[in-house]
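Q: Below you'll find the structure I mean.
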Amino acid sequence: MATTELGAFGVMAALIRRDVQIALRRRAEMANPLLFFLMVCTLFPLGIGPEPARLAALAPGVIWVVALLACLLASDGLFRSDYDDGSLEQMLLSPASTYLLALAKSIAHWLTTGLPLVLMSPLLAVLMQLPAAAIPTLCLSLLLGTAVLSLVGAVGAGLTVGLRRGGLLISLIVLPLYIPVLIFGASAVQAAADDFSSSGQLAILGALLALALPLTPLAVAAGLRISVDN
Amino acid sequence: MACERDDVLLFEPLDMAVAGGAIVQLEGPNGVGKTSLLRCIAGLSSRYRGEMLWRGQTLQAARAAFAEETLYLGHHPGVKAALSARENLLWWSALRGIGASDQVDAALAQVGLAGYESSPCYQLSAGQQRRVALARLFLAPVPLWILDEPFTAIDKHGVAQLEMWISDHARRGGAVLLTTHQPLTLTERVVKVALSAACDDQVAEDTDGDY
């Protein structure tokens, strides 16, 4: 019999693989936040007029706000299906650490929502007339920023998954925590668009990620335990 | 031990011990708290008063050891519709720290799903999905099985098989704690614990309370 002991990271890898697999099989669901991102960014030039200068001035803020809302939209479903079909109970009852499972869920969620947003952003930057020089900064800031958004969104999702309608509550819990990411993300892109250095803002985004990575899984694990405790 | 839900005391205080080799069937009308009790025991719910011991230690202290040694099967089978039966079980065994692809196929064959390993679970019937969940019984050799209504959606032949597996497990020294409304026809002795809101005391003492 081919039985192999998996370490803690093996368990995490298995969970990430499973979640990505599920996301790839439910493409419509995975495409939802991406379509939202694309649609809103396409509507802006139609709404405020196509002058490049005006669009370029708005571009960093608009792209960042829409990316943030797309992440918020996606985070509601993070634990929903696992909760509904009993997989979440099995996860919590397994000998594997809930902390690592929560971290793995967040990483998988980022891989299926945040990362595609980052990959799509250069296209939208062109659409919004963002100066080409700012595009690498946009991608980098979104790369760091969406990871923080996924981690923080998981806290809200974990706390509200037991409620029938957690949609509004999750926004209330998570939005205040999203704001620093938005401020520094958009300001990094703005600085790059104005030919200034954006390394300060990017460093702060990196620091936020370094803070969120070890801390949010603690809150997610506790939130999930409360959510199934009924 | 007593259990409450929404401030209503569910069943009368309960004192029971489950020893190795025992099959304990919880009985009682709908809503009396059978599932709640199992959820408390499994460690999903904390809405109880009293104390639970696992091998002499309180459950809080023995959480990790308890998780290694129990298998809980609730109302929701925990089977992902988008994944195939094999993928579901591979993931589940990975949760328990084992990677065992041969065993997964063997377990699926055991529960009568040979040939369905790769079909996505949304194509399987409710009973077949239930069998996917039951296949876990063969993946991890744990001493305590906690089964909440395991016979739901299972056909007659399947019920007989499951009863046999439960008996076998008890004969090997394992313990089974289950709820069902179906009369069990087991070769081993079944301890019946009737939960009732009205009754005053309920005891099911079985040898020495090891578990």
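Every number here is computed from the coordinates shown, using simple stated rules; none is lab data. Everything numeric here is computed off the predicted structure, so don't read it as measured data. Positions of Cβ are backbone-derived with ideal geometry, glycine not excepted, and every protein chain shown enters the neighbour counts.
Q: What does the structure give for B:84-91 when I average, per residue, the other chain Cβ atoms found within 10 Å of the residue Cβ?
A: Across the residues of B:84-91, the mean count of other-chain Cβ atoms within 10 Å is 3.
Q: In addition: Counting pairwise Cα distances across region B:84-132, what percent come out greater than 15 angstrom?
A: Percent of Cα pairs beyond 15 Å in region B:84-132: 36.
Q: Still on this structure, I have one more. If you restrict to DSSP beta bridges whose two residues both lie in the protein assembly as shown, what percentage is antiparallel, to the nearest 5?
A: If we restrict to bridges inside the protein assembly as shown, about 35 percent are antiparallel.
Q: Next up: What size of dipole, in debye to the nearest 20, comes out for region A:9-228 about its Cα centre when the only charges are +1 on Lys and Arg C-beta atoms and -1 on Asp and Glu C-beta atoms?
A: 400
Q: So what are the ³J(HN,Hα) numbers for region A:29-41, from phi and the Karplus equation (6.51, -1.76, 1.60; θ = phi - 60°), rounded to whole Hz, Gly and Pro as x?
A: Per-residue couplings from phi come out as 5, 5, 6, 3, x, 5, 5, 4, 4, 5, 5, 5, 5 Hz.
Q: Report, please, the projected area of region A:9-228 averaged over directions, based on the convex hull of its C-alpha atoms, in nm².
A: That works out to 11.7 nm².
Q: In Å, what is the Rg of the alpha-carbon atoms in region B:31-101, and how long is Dmax?
A: In Å, with Rg to one decimal and Dmax whole: 14.8, 42.
Q: Under 23 Å Cα to Cα from B:Lys156, which lysines show up? Leave out anything in the same chain fewer than 8 places away.
A: Answer for B:Lys156, where 23 Å is the Cα cut-off: B:Lys192, listed by chain and number.
Q: Listing B:Lys34, B:Lys192, B:Lys156 from the residue with the fewest other Cβ atoms within 10 Å to the one with the most, what is the order?
A: B:Lys156, B:Lys192, B:Lys34
Q: Another question, if that's okay. Which lysines have a Cα less than 18 Å from the Cα of B:Lys80, not counting those fewer than 8 places away in the same chain?
A: Within the straight-line cut-off, B:Lys80 pairs with A:Lys105.
Q: Which translational diffusion coefficient, to the nearest whole µm²/s, is obtained for chain B from the Stokes-Einstein equation, given a Kirkwood hydrodynamic radius over C-alpha pairs, 25 °C and 0.890 mPa s?
A: D = 138 µm²/s.
Q: Using only the Cα atoms of the protein assembly as shown, what are the Rg and Dmax in Å?
A: Answer for the protein assembly as shown, Rg first and Dmax second: 25.5, 85 Å.
Q: Using a 10 Å cut-off around each Cβ, can you sort B:His76, A:His109 from fewest to most neighbouring Cβ atoms?
A: B:His76, A:His109
Q: Output wanted: per-residue J couplings in Hz (rounded whole) for region A:88-101, from phi through Karplus 6.51 cos²θ - 1.76 cosθ + 1.60, θ = phi - 60°, x for Gly and Pro.
A: Using θ = phi - 60°, the values come out as 5, 4, 4, 5, 5, 8, 6, x, 5, 6, 5, 4, 5, 5 Hz.
Q: Let me confirm one metric for peptide B:61-73, namely the mean number of other chain beta-carbon atoms within 10 Å of its residues' beta-carbons.
A: So the per-residue partner count for this stretch is 2.
Q: For chain A, what's the relative contact order in percent, using C-alpha pairs closer than 8 Å and at least 6 residues apart?
A: Relative contact order for chain A comes out at 26 percent.
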